[in-house]
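Read the structure below first, then the notes.
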Amino acid sequence: MQTTPLTETHRALGAKLVDFAGFEMPLTYTSLKEEHFAVREKAGMFDVSHMGEFIVRGAGARDLVQLVTSNNVDKLVEGQAQYSCLPRPEGGIVDDLLVYRLPANPAMGMTDDHPTYMLVVNAGNIKKDWDWIASHNSFGAEMIDISGDTALLAVQGPLAAAILQPLTETKLDEITYYHFVRGSLAGHDNVIISATGYTGSGGFELYLKNEAAESVWNAVLEAGKEAGLIPCGLGSRDTLRLEKGFCLYGNDINDTTTPLEAGLGWITKLKADNFVGRDHLIAQKEAGLERRLVGFKAAGRRAPRNGHGILDADGNKIGEVTSGTHSPSLDYPLGMGYVAVGQHTPGTKIQIDLGRKTMEAEVVKIPFL
């Protein structure tokens, strides 16, 4: 398995390490529930250095990123990020990603003449995404894979800004949602401090060089000790994102699902310049969707899981669960899955097929929390 710059640090902290997307990653340190509530009520820190980062720059950068992503990169200003996806010609999703428009940095050979972007992709899709984007690069854009040199820490929760502020001169309260600055933090320069995250509890993501990762990790742990910040693993990251209805690639979206079916029409700008899959998505929208990704809450205590069937009130299969858990915040089972259009309206009674028995459930609006 691959490691991050902090793998041995996690081991020393007693984390339970598991294989995730080919990386040895912490699942929990203490318990999923304790880490979940730390993020919802105080703060928690995640090592997500397994994520991939690509720089795209030069004269053809704008045209390449506009072609391969579903959102409209022309709306980005320097210091802003947007959520997007890499659609396939037939409408499936290669991956979901964040697109950052970086400020010009002459020291890195960057100027104001052409936009420079950082694309942040999922760990399990780094090579797949790189090859996909490169295959569309007829514009001469320069592509640089900085994944192996870049660490990423996510400091999440309502107290994140107060904990980080003593470590930086950057005024964190001036960084609005989905914006970022490049500054110094905990004695290290050239850190991207981004008001983004995957928990729905606010906070920041910190992009930095590998060699700074352990120092910054320890500094944040020390700064957040009295406020209740604790290290958190992938277990709570999943329950946190699911309570907010955030899609997980490989579960809720994949190469066979379209962004329109997944409720991601808001990142699919059909009126923007042409992008890969645009014609298919326009045709799908005009013809009408046949299935939709929905949220549901369930009765009982057993958590629904990916692959469980979704049945209508009469027991007919109408779809399949893509993600499920027992919500720590709400204390009941919930999940997401695709169902046939007509069965997707909030309030619709459904059943989850657990194998030997079924569980009563109801379609609800997302986010759940």
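Sort through Glu290, Glu286, Glu261 and tell me the only one that's free of Cβ contacts under 8 Å to residues at least 12 places away in the same chain and closer than 20 Å to Pro87 by Cβ.
On the way: Glu290 fails: free of Cβ contacts under 8 Å to residues at least 12 places away in the same chain; Glu261 fails: free of Cβ contacts under 8 Å to residues at least 12 places away in the same chain.
Being free of Cβ contacts under 8 Å to residues at least 12 places away in the same chain and closer than 20 Å to Pro87 by Cβ holds for just one of Glu290, Glu286, Glu261, which is Glu286.
Where the second residue is of a type in the set (Ser, Thr, Tyr) and assigned to a loop (DSSP other than H, G, I, E, B) and the first is buried (at least 21 other Cβ atoms within 10 Å of the Cβ) and lies in region 48-75, which pairs have Cβ atoms under 7 Å and are six or more apart or on separate chains?
Hits for this filter: Ser49/Thr4; His50/Thr4; Ser70/Thr268.
Across region 292-310, which residue is farthest from Leu248 (Cα to Cα) among those that are surrounded by 20 or more Cβ atoms within 10 Å (Cβ to Cβ) and not small (Gly, Ala, Ser)?
Top of the filtered list is Ile310.
Quick one: count up the residues across region 180-217 that are part of a strand (DSSP E or B) and surrounded by 17 or more Cβ atoms within 10 Å (Cβ to Cβ). Full working, then the answer.
In the first step, residues of region 180-217 are kept if they are part of a strand (DSSP E or B); the result is 180-185, 188-194, 203-209.
Right, trim to surrounded by 17 or more Cβ atoms within 10 Å (Cβ to Cβ) and you get 180-181, 183, 185, 188, 191-194, 203-208.
Residues meeting the conditions: 15.
Would you kindly identify the strands (runs of 3 or more DSSP E) lying entirely within region 77-129 that contain at least 1 residues that are at pLDDT 95 or above and of a type in the set (Gly, Ala, Ser)?
Values: elements: 80-87, 93-102, 116-121.
The qualifying strands (runs of 3 or more DSSP E) are 80-87.
Kindly indicate whether any position in region 218-225 is touching a residue at least 60 places away in the same chain (Cβ under 8 Å) and part of a loop (DSSP other than H, G, I, E, B).
Within region 218-225, not a single residue is touching a residue at least 60 places away in the same chain (Cβ under 8 Å) and part of a loop (DSSP other than H, G, I, E, B).
For Val155, indicate whether it is within 30 Å of Lys127 (Cα to Cα), touching a Gly at 6+ places or on another chain (Cβ under 7 Å) and at pLDDT 95 or above.
Details: within 30 Å of Lys127 (Cα to Cα): yes; touching a Gly at 6+ places or on another chain (Cβ under 7 Å): yes; at pLDDT 95 or above: yes.
For Val155, the condition - within 30 Å of Lys127 (Cα to Cα), touching a Gly at 6+ places or on another chain (Cβ under 7 Å) and at pLDDT 95 or above - is met.
Quick check on region 57-76. Is at least one of its residues at pLDDT 95 or above and in a strand (DSSP E or B)?
Scanning region 57-76, I find at least one residue that is at pLDDT 95 or above and in a strand (DSSP E or B), so the answer is yes.
Quickly run through region 327-340 and pick out the residues that are surrounded by fewer than 18 Cβ atoms within 10 Å (Cβ to Cβ), out of contact with any Gly (no Cβ under 7 Å at 6 or more places or on another chain) and either closer than 13 Å to Gly300 by Cα or among the aliphatic types (A, V, I, L, M) (or both).
The answer is Leu330, Asp331, Tyr332.
Name the residues in region 12-34 that are closer than 17 Å to Pro328 by Cα and either charged (D, E, K, R) or in contact (Cβ under 8 Å) with a residue 60 or more places away in the chain (or both), would you?
Initially, region 12-34 is screened for residues closer than 17 Å to Pro328 by Cα, giving 27-34.
Answer for region 12-34, where residues must be closer than 17 Å to Pro328 by Cα and either charged (D, E, K, R) or in contact (Cβ under 8 Å) with a residue 60 or more places away in the chain (or both): Leu27, Thr28, Tyr29, Thr30, Leu32, Lys33, Glu34.
What pairs come up if the first residue lies in region 120-135 and is not assigned by TED's automatic domain parsing to the domain that holds Tyr198, the second is assigned to a helix (DSSP H, G or I) and surrounded by fewer than 18 Cβ atoms within 10 Å (Cβ to Cβ), and their beta carbons are under 9 Å apart, counting only those six or more places apart or on different chains?
Listed pairs, sorted by first residue: Val121/Lys128; Val121/Trp130; Asn125/Trp132.
Scan region 231-256 for residues that are of a type in the set (Val, Ile, Thr) and either in a helix (DSSP H, G or I) or buried (at least 22 other Cβ atoms within 10 Å of the Cβ) (or both) and report the count. Walk me through how you get there before you give the answer.
Within region 231-256, the subset of a type in the set (Val, Ile, Thr) is 239, 253, 256.
Of the ones still in play, those that are also either in a helix (DSSP H, G or I) or buried (at least 22 other Cβ atoms within 10 Å of the Cβ) (or both) are 239, 253.
The total comes to 2.
Give me the strands (runs of 3 or more DSSP E) completely within region 277-349, filtered to those with at least 1 residues that are closer than 20 Å to Ile93 by Cβ, ordered by residue number.
Details: elements: 291-298, 309-312, 317-326, 333-340.
Filter on region 277-349 gives 291-298, 317-326, 333-340.
The values are calculated or read from the model by the stated rules, or taken from the named source; none is laboratory data. This structure is a prediction, so every number in the text was calculated from the model and none was measured. In this analysis, Cβ positions are derived from the backbone assuming ideal geometry, glycine residues included, and neighbour counts consider all displayed protein chains.
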